[in-house]
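Structure first, then comments.
Just so it is clear, none of the values below were taken in a lab; they were calculated from the coordinates. Since the structure is predicted, the reported quantities are computational estimates derived from the model, not experimental observations. Every residue, glycine among them, receives a Cβ derived from its backbone with ideal geometry; neighbour counts consider all protein chains shown.
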Number of protein chains: 2
Amino acid sequence: MSEPLSDTALDQLFRTARSYNGYLDKPVSADQLRAIWDLVKFGPTSANVLPSRIVWCVSDAAKARLAACASDANKPKIESAPVTAIIAMDLEFPDHLPTLFPHVDARPWFADETVRQTTAMRNSSLQGGYFILAARALGLDTGPMSGFDNAAVDAAFFADTPRVKSNFISTLGYGDPATIFGRLPRPDFDLFNTIA
Amino acid sequence: MSEPLSDTALDQLFRTARSYNGYLDKPVSADQLRAIWDLVKFGPTSANVLPSRIVWCVSDAAKARLAACASDANKPKIESAPVTAIIAMDLEFPDHLPTLFPHVDARPWFADETVRQTTAMRNSSLQGGYFILAARALGLDTGPMSGFDNAAVDAAFFADTPRVKSNFISTLGYGDPATIFGRLPRPDFDLFNTIA
């Protein structure tokens, strides 16, 4: 049985953490990207399907290619961040189940295409949540975004693997406090929760 | 700028955390449910849409009603857990945007029904990831599940609010280590990640 984490940790993960529009001039190493994955991978997914596929854009060329698919407001955020990650999903994730879920052949559970799409979307988004919190747990900041053309990103990055589709994207780095606005409102428990 | 959390905290959140099939006989209070929400609510969502609606089933009656909609393997987990939460989503989330995103009228961004559904699914799943990690951060354990009939849950819990649809469910409590199996495999970085 675990104790609650310290207030400092809860602040860093949730309460004072923010989404950043710009970052300090401080690099993020490949080892740090691997360290994020080495936390994200432990987050639960349905039957361990782990559908997320992540492209970590670190080169100027990759960031420019991604920025070309994004809204005007998001282009400069993508190009100036140390890293921008594409959180994508593999719609044919069941191919990996013999390795990821070895005790029984779980592939028939996902034979239906709609089930596969829903499962990929739900679980790659869950993993997106793990990604954001893993980055924060490691002292980094993120700037998740949906303001881009998914089909254009898929054409630019996944033309050779059409089974992989973009879900959302996120900048990553050491956030520059000068680039955030005031916190948007957060509702109390009673507005969106019910105890039954 | 933040430092990485301690190894103990990273273990509790990700590396040694597990999904539980059963729980210790130790209650979870309504204050603890509120404390989870008071972390989850700070997790980022697209334009602060916060589409998750959570029904926390704590009464035997509510858990039985939910278990009736679940797979045979999941029924006893739901009925015996201190709490089983329904992570649902409000497809008409834009109605709250004048409060949640007050600076500009963001409702037109979500006028298209497909965009609304995709946004609700992506962001309520993200919030599901925050829920799992917030519970762990507070010393609790979860058992997320998709093995249930979404339409049946919607009929049983959201008949009066058809704009709300179930996404996934999760047991919650202090996990009993006797109820878990060996950890399923987790792939190394290179299988599912690319640096571009």
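Do you know which of the residues in the stretch A:1-55 that are within 30 Å of A:Pro76 (Cβ to Cβ), touching a strand residue (DSSP E or B) at 6+ places or on another chain (Cβ under 9 Å) and hydroxyl-bearing (Ser, Thr, Tyr) is surrounded by the most Cβ atoms within 10 Å (Cβ to Cβ)? Applying the filter and picking the extreme gives A:Ser52.
Can you confirm whether the stretch B:161-173 contains a residue that is part of a loop (DSSP other than H, G, I, E, B) and not charged (D, E, K, R)? Yes. Once the stretch B:33-59 is narrowed to residues that are closer than 24 Å to A:Asp11 by Cβ and part of a strand (DSSP E or B), the residue that is nearest to the other protein chains (Cβ to nearest Cβ) is B:Ile54. In a residue-by-residue description of the stretch A:71-89, the property of being in contact with a helix residue (DSSP H, G or I) (Cβ under 8 Å, 6 or more places away or on another chain), closer than 27 Å to B:Ser170 by Cβ and not small (Gly, Ala, Ser) applies to at least one position. Taken over the stretch B:97-153, the criterion of being surrounded by fewer than 22 Cβ atoms within 10 Å (Cβ to Cβ), more than 8 Å from chain A (Cβ to nearest Cβ), in contact with a strand residue (DSSP E or B) (Cβ under 8 Å, 6 or more places away or on another chain) and farther than 27 Å from B:Pro27 by Cα is satisfied by B:Asp149, B:Asn150. So, A:Cys69, is that one of a type outside the set (Lys, Arg), touching an Asp or Glu at 6+ places or on another chain (Cβ under 9 Å) and surrounded by 22 or more Cβ atoms within 10 Å (Cβ to Cβ) or not? It is true that A:Cys69 is of a type outside the set (Lys, Arg), touching an Asp or Glu at 6+ places or on another chain (Cβ under 9 Å) and surrounded by 22 or more Cβ atoms within 10 Å (Cβ to Cβ). Of all residues in the stretch B:129-160, exactly one satisfies the criterion of being closer than 14 Å to A:Arg122 by Cα, in contact with a Lys or Arg (Cβ under 8 Å, 6 or more places away or on another chain) and part of a loop (DSSP other than H, G, I, E, B), namely B:Ser146. Selection over the stretch A:10-32 of residues that are farther than 19 Å from A:Arg183 by Cβ, in contact (Cβ under 8 Å) with a residue 60 or more places away in the chain and part of a helix (DSSP H, G or I) gives a count of 1.
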